[in-house]
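Visitor: Below you will find the structure I want to go over with you.
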Amino acid sequence: MSNQSTGVLERLFHLSENNTTVKRECLAGLTTFVSMAYILFVNPIILGDAGMDAGAVFTATALSAIMGCLLMGFLANYPIAIAPGLGDNAFFTYSVVLAMGIPWQQAMGGVFVASILFTLVSLFKIREIIIDAIPQDLKYAMAAGIGIFISFVGLQGGGIVVSDPSSLVAIGSFKVPTTWLTIFGLFVTAILMAKKVPGSIFYGIVLTAIMGLVTQIIPPPESIISMAPSLAPTFGIGVSNMTSILSDPQMWAVVVIFFLVAFFDTAGTLIGLAQQAGIMRNGKMPRIGRALMADSLSMLGGAVMGTTPTAAYVESSAGIAVGARTGLTAIVVAVLFAFSMIFSPLLAVVTAQVTAPALIIVGVLMTSSLREIHWDQFEVAFPAFMVIIGMPLTFNISYGIAFGFLFYPILMTIAGRRKELNPLIWVMFVLFLVLLYTLTMLKF
């Protein structure tokens, strides 16, 4: 690379000031991309279950990731990648579309409205105020609950867990070849993770797909490289259906839950990654407003193109571990996502059994936040437990969140800790009471 190019990058990303180099940032970008590239194949599978066109979702996933990473790199200068989040797409498909019976077109309208609200609260710094008001223990519980929920979805999709009329769930049949494919992928991915191989989840998907092709469990694709699929089946659907919230009371709940889930997901991840990268200053994250705005704008763009809310990816920690310290890493990730768009035919070989191990492993990573919860304080532990267990057992992320926020202020008050409650907690108590009524009573 020429000295002139290096000089431009230096001015844009302040490489020397952050004790890093172009080579190190590029290597970190490659590491982060390989670690999170699974979302290109997992997102179409999950949203495909909602009835969306998998090809269009593939393209929307890549484009929203490109947009988010570019914004994070140039606007906030952070080595943090953005792409559609797993928790949000699971809520969209399994809670909103399948459980509540809302057509995906209307649900995408809810995502678009939530993204507008998301952008506004970031612009006026309201988001930072609300983040400070939410108890940290409940934030950890939400991450863990979504992780268990996602793992449960993976176990179901892979055939390891099946429905049972007598016990609700039971172990799947080992006479089914696809179940063994999932088990193979789970062992391979777990071994790679234990060996601390960068990109373990992505490589696990690749090796599982290859095994499926070799054993003829999965039919081969017609081609490997082609132009990216058209966005037409999903583009603008959310915009044209945004008025659906006016006629369907259930959509109010959908909008608020999308807003809250996306709200807390990125906030917690940003803080954790900033801590790992040594970016925090006196307990605060510099330029957090810009980082939150980058996330908000990418969520808005994704909703227009046809994908669920974006989020900061915890897999960015792989790049940070390699030495990433600036936004140049995020720019490299964006470039690699752009290049990956020509490999859309591979979607045909990435079946539910291939992605199931990835979902289960990601669930493990998300539940690591359990260790941060104050289990020795019952008034804190019980609401957190209700959040965690409520999500997978009701197969609805929103119910789990509501359970926690309903118990927390009451138990804290009874325990004599009322003064520790932010007034916004009581506002959320009332809000979730209304939401729980909307999500249940109006459903039947």
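The values are calculated or read from the model by the stated rules, or taken from the named source; none is laboratory data. Just so you know, these numbers come straight off a predicted model, no measurement behind them. Using ideal geometry, Cβ is built from the backbone for each residue, glycine included, and neighbour counts are taken over all protein chains shown. Remember, those area values only see protein heavy atoms, side chains included, never the ligands or the DNA or RNA. Shrake-Rupley method; radii C 1.70, N 1.55, O 1.52, S 1.80 Å.
Visitor: Over the stretch 303-444, what is the mean sequence separation of C-alpha contacts under 8 Å (at least six apart), divided by residue count, expressed as relative contact order in percent? Mind showing how you got there, number by number?
Guide: Working: 66 pairs, mean separation 17.9, N = 142.
It comes to 13 percent, rounded to a whole number.
Visitor: With 28 Å as the limit, write out which pairs from Lys23/Lys195; Lys125/Lys196; Lys23/Lys196 have Cα-Cα distances beyond it, or answer none.
Guide: Checking Cα-Cα distances, Lys125/Lys196 exceed 28 Å.
Visitor: May I have the extent of the alpha carbons of the stretch 69-189 along their three principal axes, as whole Å values ordered from largest to smallest?
Guide: 56, 35, 31
Visitor: Rg and Dmax in Å for the chain, alpha carbons only: what are they?
Guide: Expressed in Å, the Cα Rg and Dmax of the chain come to 21.2, 70.
Visitor: Please state the equivalent ellipsoid semi-axes for the stretch 145-290: what are the square roots of 5 times the Cα gyration tensor eigenvalues, largest first, in whole Å?
Guide: On the way: eigenvalues 225, 137, 90 Å².
Ellipsoid semi-axes (Å, largest first): 34, 26, 21.
Visitor: Charges only on Cβ, +1 for Lys and Arg, -1 for Asp and Glu: so what's the dipole of the chain about the Cα centre, in debye to the nearest 20? Don't jump to the answer; show the numbers that get you there.
Guide: Details: 19 positive and 19 negative charges, 150 e Å.
Around 720 debye, computed over the chain.
Visitor: Viscosity 1.567 mPa s, temperature 4 °C: Stokes-Einstein D of the stretch 307-444 from its Kirkwood Cα radius, in µm² per second? Could you put the intermediate results ahead of the total?
Guide: Values: Rh = 18.9 Å.
Reported coefficient: 69 µm²/s.
Visitor: Rounded, prolate or oblate: which fits the stretch 174-218 when a ≥ b ≥ c are the square roots of the eigenvalues of the alpha-carbon gyration tensor, with rounded for a/c under 1.5 and prolate only if a/b beats b/c?
Guide: On the way: a/c = 3.81, a/b = 1.81, b/c = 2.10.
Here the stretch 174-218 falls in the oblate category.
Visitor: Assign one of three labels to the stretch 304-380, namely rounded, prolate or oblate, based on the Cα gyration tensor with a ≥ b ≥ c the square roots of its eigenvalues; rounded applies when a/c is under 1.5, prolate when it is not and a/b is larger than b/c, and oblate otherwise. Display every interim value, and only then the final one.
Guide: Working: a/c = 2.31, a/b = 1.45, b/c = 1.59.
Judged from the Cα gyration tensor, the stretch 304-380 comes out oblate (a/c at least 1.5, b/c at or above a/b).
Visitor: Any idea of Arg418's accessible area? Nearest 10 Å², probe 1.4 Å.
Guide: Number for this one is 140 Å².
Visitor: With Cβ to Cβ distances under 15 Å as the rule, what net charge do the other residues near Thr326 carry (K, R +1; D, E -1)? Spell out each step's value before the answer.
Guide: Numbers: positive: Arg11, Lys23, Arg24, Arg287, Arg290, Arg325; negative: Glu10, Glu17, Glu25.
Surrounding charge for Thr326 is +3.
Visitor: Per residue and in Å³, how big is the convex hull formed by the alpha-carbon atoms of the stretch 126-212? List each step's numbers first, then the result.
Guide: Working: hull volume 13.8 nm³, N = 87.
Dividing the Cα hull volume of the stretch 126-212 by its residues yields 159 Å³.
Visitor: At 0.36 nm per residue, and after removing the present C-alpha to C-alpha distance, how many nm does the segment from Ser368 to Leu431 gain when stretched out fully?
Guide: Result: 19.8 nm gained on full extension.
Visitor: Same structure again: Test of understanding: given the chain, find the longest segment containing no GluC sites (Glu not before Pro) that are in a DSSP loop and have at most 12 other Cβ atoms within 10 Å. Can you show the working numbers first?
Guide: On the way: sites that count: Glu17, Glu222.
Counting only loop sites that pass the neighbour cut-off, the longest clear stretch is 223-444.
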